[in-house]
Amino acid sequence: MSPRAQPRGKLANWGSSFLPGAYAGSYVNIGSMKPDAVIADLKNGSLNRSEQRKQADLLAKLNRGFLARREKDAQIEAGIEAMEMAFRMQFSVPDVFDISKESQATRDLYGDSEYAKGCLIARRLVERGVRTVQLSHSIDGYDIAWDTGHGDIKGGHARLAKACDQGIAALLKDLKTRGLLDETLVVWGGEFGRAPTSEGKNGRDHDHYGFTVWMAGGGVKPGYSYGATDMFGCSAVENRVHVHDLHATILNQMGLDHEQLTYRYSGRDYRLTDVHGKVVKDVIA
């Protein structure tokens, strides 16, 4: 999910890579906050629900017959799954994205920013059993909102932090109040940080050598800091965590052993962490 602008890279952010297409995510534009408009062409204006059910069943039957003659075809299998998912989504999506059904106190808790409303929708999705929710932060329709560091890092980042701070705090509090935080892992981060050195007058360049990602709930320690950068805040030097380690730890908290979980593709068994990664056990409660 993101308001008005898809994250840079678009499908690569939620695609399934070499996994079957059924595991890919679906992009939702929450900019308008209109329940019937968050997904383009969600509604069928020509057929009622019963007629659409018959149509979907017939299409699935034809596809399965074609699949049986081809023995195995991941694209056809993904298509069958996608059609069924699309049928179910057009009746469930408007309800889950309608935040007017929340109490005024809950909406006040989250705040009015687009990102905050996305946090509230994320809670509603988790509450209904959606297993993975990704919320990207764009602002004013700009897809890489946090890329303000080149010109005005102080003013730009302060504005961005203000836009998402209340919503994040509300999400964690709301999940905890509803008894969902212990079973929901919240991960907040980006792809790099900002260097301590100046880029021009008010900017900071990209820095992938040392930056912060935080996690909450899902069996991780609360109020715990792991790792540190050098004295300049430039490079991680203590308890360094590679992205493969982060992924291994996330998978571990989902009950999956990243060294045992494999998927055969193009002649070999692939791990989601490739041949790297270790679980950061010190952050686990």
>> Checking the conditions here, which among SER17, SER50 is surrounded by fewer than 16 Cβ atoms within 10 Å (Cβ to Cβ), among the small types (Gly, Ala, Ser) and at positive phi?
In response: SER17
>> Given the options ALA40, ALA82, name the one that is surrounded by 13 or more Cβ atoms within 10 Å (Cβ to Cβ), within 30 Å of GLU191 (Cβ to Cβ) and at pLDDT below 80.
In response: ALA82
> Filter the range 68-104 for residues that are under 19 Å from ILE30 (Cα atoms) and not in a helix (DSSP H, G or I); which is farthest from the chain's Cα centre (by Cα)?
Replying inline: GLU102
> Does SER46 satisfy the criteria of being of a type in the set (Ser, Thr, Tyr) and closer than 27 Å to SER17 by Cβ?
Replying inline: no
> Can you tell me which residue in the range 149-199 is surrounded by the fewest Cβ atoms within 10 Å (Cβ to Cβ), limited to those that are in a helix (DSSP H, G or I) and β-branched (Val, Ile, Thr)?
Replying inline: THR177
> Considering only the range 242-285, how many residues are on the phi > 0 side of the Ramachandran plot and either in contact with a Cys (Cβ under 8 Å, 6 or more places away or on another chain) or exposed (fewer than 14 other Cβ atoms within 10 Å of the Cβ) (or both)?
Replying inline: 4
> Pairs, please: C-beta under 6 Å, at least 6 apart or cross-chain, first residue farther than 21 Å from ASP245 by Cα and in the range 195-221, second surrounded by 13 or more Cβ atoms within 10 Å (Cβ to Cβ) and among the basic types (Lys, Arg)?
Replying inline: ALA195/ARG204; ARG204/ARG194
>> Suppose we filter VAL237, VAL186, VAL220 for residues that are under 21 Å from THR273 (Cβ atoms) and in contact with a Gly (Cβ under 9 Å, 6 or more places away or on another chain); which single one remains?
In response: VAL186
>> Can you confirm whether THR273 is modelled with pLDDT under 95, closer than 19 Å to THR132 by Cβ and among the polar types (S, T, N, Q)?
In response: yes
> In the range 126-133, is there at least one residue being under 20 Å from GLY179 (Cβ atoms), part of a loop (DSSP other than H, G, I, E, B), hydroxyl-bearing (Ser, Thr, Tyr) and touching a residue at least 24 places away in the same chain (Cβ under 8 Å)?
Replying inline: yes
>> So, ASP112, is that one part of a loop (DSSP other than H, G, I, E, B) and over 16 Å from ARG124 (Cβ atoms) or not?
In response: yes
>> Let me spell it out: the conditions are (1) within 18 Å of ASP95 (Cβ to Cβ); (2) of a type in the set (S, T, N, Q); (3) outside any loop (DSSP other than H, G, I, E, B), and ASN44 meets all of them except one. Which number is the exception?
In response: (3)
>> Is it the case, given these coordinates, that GLY65 is in a helix (DSSP H, G or I), in contact with a Leu (Cβ under 6 Å, 6 or more places away or on another chain), of a type outside the set (Phe, Trp, Tyr) and at pLDDT 85 or above?
In response: no
>> Which count do you get for residues in the range 231-258 that are modelled with pLDDT under 95 and acidic (Asp, Glu)?
In response: 0
>> Taking the condition of being farther than 15 Å from GLY219 by Cα, touching a His at 6+ places or on another chain (Cβ under 8 Å) and not acidic (Asp, Glu), how many residues in the range 248-277 meet it?
In response: 6
>> If I ask for residues that are over 26 Å from the mean Cα position of the chain (by Cα), in a loop (DSSP other than H, G, I, E, B) and not charged (D, E, K, R), which ones from the range 204-238 would you list?
In response: MET231, PHE232, GLY233, CYS234, SER235
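The values are calculated or read from the model by the stated rules, or taken from the named source; none is laboratory data. Note that the structure is predicted; figures quoted are calculated from it, not measured. Glycine gets a Cβ as well: all are built from the backbone with ideal geometry, and neighbour counts include every protein chain shown.
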